[in-house]
Every structure is written in C-alpha cells, then in structure tokens.
Amino acid sequence: MKKDIHPDYHPVVFRDSSTGDAFLTRSTITSERTVEWEDGNTYPLVIVDVSSSSHPFWTGTQRLVDTAGRVEKFRRRYGDRSRPKSGDS
C-alpha cells in the first residue's frame with residue numbers, strides 16, 4: 001500500500017434523525033457538531049436521514065416521504081418534459 005494516501009479513520013457517532021438512535025463507529029467523515037458518548041468521551045456527531053433503525057428493510061415498516069414536494073421542485077427546476085413542446089412532433 002502507498003503511504004499517506006488513505007484518509008484517517010477516527011471514532012464518529014451517527015444519529016438517525018427520525019428515531020434518535022445513535023451508534024459509535026469509525027469513519028473518515030468529519031463534523032463540527034460533537035456529542036458526549038456513553039463512555040464519557042466527546043466525538044464528532046453526524047446526523048443521518050436513514051439508518052438500520054429506520055430503514056424499511058430492517059424494520060419491516062414503510063415510512064411516508066414527502067415526494068410531492070420533491071416532484072414539484074423538480075418540475076419548477078426542469079419544467080414538465082412529459083408533454084412535447086409546440087412545434088415538436
């Protein structure tokens with residue numbers, strides 16, 4: 001392996017924003033947020049939208065997601081391309 005090309009792994013706490021569950025693992029990600037963990041040490045905190053505690057595959061339940069807002073945002077940005085424009089055949 002080449003030296004000094006791989007990122008540094010360090011302890012990081014990931015917290016699921018929907019369930020509040022958190023877990024400590026090693027990662028290369030950094031964060032300005034910190035949290036005091038159960039062992040009394042302070043670690044960087046990363047908030048995630050989905051983890052194994054909220055993902056439908058692991059929980060067996062479905063979550064409603066605001067897809068209507070996403071569709072409208074897409075249409076505002078890119079327009080409705082499903083209909084041909086005038087002059088197009």
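Read-outs throughout are calculated quantities, based only on the coordinates presented, and are distinct from any laboratory measurement. All figures in this text were calculated on a predicted structure; none of them were measured in a lab. All Cβ positions, even for glycine, are placed from backbone atoms using ideal geometry, and neighbour counts span all protein chains on display.
Considering the stretch 1-21, the residues that are more than 12 Å from P44 (Cβ to Cβ) and of a type in the set (A, V, I, L, M) include one that is surrounded by the fewest Cβ atoms within 10 Å (Cβ to Cβ), namely M1.
So, in the stretch 22-42, of the ones that are aliphatic (A, V, I, L, M) and not in a loop (DSSP other than H, G, I, E, B), which residue ends up surrounded by the most Cβ atoms within 10 Å (Cβ to Cβ)? Ranking the candidates gives A22 first.
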